Amino acid sequence: MTEFWQEHSREATVEEMMLDSSAQLLSKNELPEILSLLPNLGGLTMLELGAGIGRYTGHLVKKARHVTAVDFMQTFVDKNRQDNGHHGNAEFIQSDVTRLAFPLHSFDLIFSNWLLMYLTDEELLSLTERMLSWLRPGGYLFFRESCFHKSGDSKVSFNPTRYRSPANYNHLVTSVVWEELESSGRSYGFDIVMTKSVQTYIKMKNNQNQLCWLLQKVPRDRSANQGFSTFQQFLDSQQYSRRGILRYEKIFGQGYVSTGGPSTTKEFVDLLNLSPGQRVLDVGCGIGGGDFYMARKFGVEVLGMDLSSNMVEIAMERAVKENLPMVQFEVGDATKRIFPEGSFDVVYSRDTILHIADKLQLFRRFHSWLKLGGKVLISDYCCGEQPWSTHFQEYVNQRGYILYTPQRYGQFLEEAGFGPVRAEDRTAQFIDVIKTELNRAEGMRQEFIEEFSQEDYDAIVNGWRQKLERCEFGDQRWGLFYAERP
């Protein structure tokens, strides 16, 4: 690898560093996009790994309190120092990142662009553990990598990179736990705040495999996620495995994994009176059916966000066929994601917020993300008044749901600043839809079993029959909520 980069760092140009003849144009468009995804840098102490000639350093030092820029090649370090050393708040280090050492809690944000793909899995796991130790609790890690295949057009004979899948990166980085025995004695890990494709590469190179991640250092408690490192891993391994998602879609309809499929989507979206050019945030977008519908029918821009990487992976596969550039997808945690105030005209969510404990705080975030007069529309699982039956309590615990009555749900929206709020108990509609979907499942029984299995069919049908029982008993409810930011 040393020989490779000695060959490609002689002139210390952006073309050499990016291994791409169109690097100048790409960089001009990519830089503002990447920088917009970072937290507010004001007052932060940053570590930039794989800083190269300072393509990002020059922007980071203008906002952060201090930047430590590290690169493997001395020629790149010298160029970076020459161009950015005059700012006075940067340190430049030549080092192999696998040999770096910094004191505990040295940084608020670690930034890395095209570096981790040069490390083996063992090296990446080791570096992740050390990065957890270098970051202060609550600090962030941002990295960007080429997935599946290379990004540049350089015809080099030696290729030192490891083109992992996004899921592979997710697993490697979030599986590491750091025991801070020297200070708090607590365990920490990374939770994913956001994973998304770099839009510049989609637009300019038709390349969806340039991805970036924003993660946050948080206390790690395995008991909180039923033995999994993160709640995302729990979702992707249990209810939202790829197979589980596709069998839902088989019943709900192409592109849909929520109650009523395209019919309820059309009914609810029509309440929003969308118009061309508006921006919609879909929280819990699933595999994107509703997002494609809104973009195609009303000409709106949609950002679909889901915590399940399996959901987003399928949505992005479908996006290639749909050819709707107005629709973007990301793996994102709505409780941690950062958007400027007034970013969207609509926040839309279908049967997703049942997973989130602090609904009031989430709705306050929705309120800030919306423009004045912006609208929020939510459908979600709710519950009847307690005490619940033992069977319903076990179901809620097994799924990790946090449920409220439709009335209380509406009150949360009011407390978050929305008004007027429409909170409707739509359980009767929910029951009718489930009965319709049961009939559809029975009508395609043989086809479903041939595509999946008898076990999958029984799981779907029995699950819906149990839902009907819970609804008819009064434990399970379904709510529709509409409100505006005054």
For this session: Would you list which aspartates and glutamates come within 12 Å of K266, measuring only between C-alpha atoms, while excluding same-chain residues fewer than 8 positions from it?
Result: D291
Seminar exercise, completed: For the chain, the longest principal axis of the Cα atoms and the Cα long axis of helix 23-36 enclose an angle in degrees, to the nearest 10, of 50
Problem set entry | Assigned charges on the beta-carbon of Lys, Arg, Asp, Glu; the chain dipole about Cα centre (debye) | 840
Exercise. Given charges of +1 on the Cβ of Lys and Arg and -1 on the Cβ of Asp and Glu, with all other atoms neutral, how large is the dipole of the range 233-484 about its Cα centre, in debye to the nearest 20?
Worked result: 380
Exercise. For the range 325-444, taking Cα atoms only, what is the radius of gyration to one decimal and the Dmax to the nearest whole Å?
Worked result: 16.5, 48
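How would you rank R296, R55, R130, going from fewest to most other Cβ atoms within 10 Å of each one's own Cβ?
Final ranking by Cβ density, sparse to dense: R296, R130, R55.
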For this session: Calculate for the chain the 222 nm mean residue ellipticity that helices alone would give, adding -39,500 (n - 2.57) per DSSP H run of length 4 or more and normalising by residue count, nearest 500 deg cm²/dmol.
Result: -12000 deg cm²/dmol
Exercise. Hey, got the dipole for the range 178-303? About the Cα centre, +1 on K and R Cβ, -1 on D and E Cβ, debye to the nearest 20?
Worked result: 460
Exercise. When you count, for each residue, the other Cβ atoms within 10 Å and take the mean per peptide, how do 205-217, 297-309 rank with the highest first?
Worked result: 297-309, 205-217
For this session: Obtain the nm distance between the two label points defined at E122 and Q361 by a simple spin-label model: each point lies 7 Å from its Cα along the Cα-to-C-beta direction.
Result: 4.0
For this session: Mind pulling the per residue volume of the convex hull built on the Cα atoms of the range 248-334? Å³ is fine.
Result: 85
For this session: Take each of the peptides 441-452, 23-34, average the number of other beta-carbon atoms within 10 Å over its residues, and list them starting from the highest.
Result: 23-34, 441-452
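How high is the relative contact order of the chain, given as a whole-number percent (alpha carbon pairs under 8 Å, six or more residues apart)?
Working: 875 pairs, mean separation 47.4, N = 486.
Result for the chain is 10 percent.
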For this session: Please compute the Cα-Cα pair-distance distribution of the range 2-220 with 5 Å bins starting at 0, giving whole percents from short to long.
Result: 1, 7, 15, 20, 21, 18, 11, 4, 1, 0
Problem set entry | Separation of the I449 and E91 label points, Cα + 7 Å toward Cβ, nm | 6.8
Exercise. To the nearest 0.05, what FRET efficiency results for E129 and E317 with a Förster distance of 30 Å applied to their C-beta separation?
Worked result: 0.40
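Below 12 angstrom from the Cβ of N80, what's the summed charge of the other residues (Lys, Arg +1; Asp, Glu -1)?
Counting the neighbours of N80, the net charge comes to -2.
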For this session: Quickly rank 281-290, 474-483 as a protection proxy: mean count of other C-beta atoms within 10 Å, highest first.
Result: 281-290, 474-483
Problem set entry | Between 0 and 90°, nearest 10: helix 74-84 axis offset from the chain longest Cα axis | 80
Exercise. Over 25 Å between Cα atoms, which of K250/K467; K28/K297; K62/K203; K321/K371; K297/K359 qualify?
Worked result: K28/K297; K62/K203; K321/K371; K297/K359
Exercise. According to the Cα gyration tensor, what semi-axes, each the square root of 5 times an eigenvalue, does the equivalent ellipsoid of the chain have, listed from largest to smallest in whole Å?
Worked result: 43, 24, 23
For this session: Write down the radius of gyration of the range 396-486 and its Dmax, each obtained from C-alpha positions, in Å.
Result: 17.1, 52
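FYI, it's all coordinate maths here, none of it is from the lab. A quick note: this is a predicted structure, and the numbers were derived from the prediction, not measured. Heads up, the Cβs are rebuilt from the backbone with ideal geometry, glycines too, and the neighbour counts pull from every protein chain shown.
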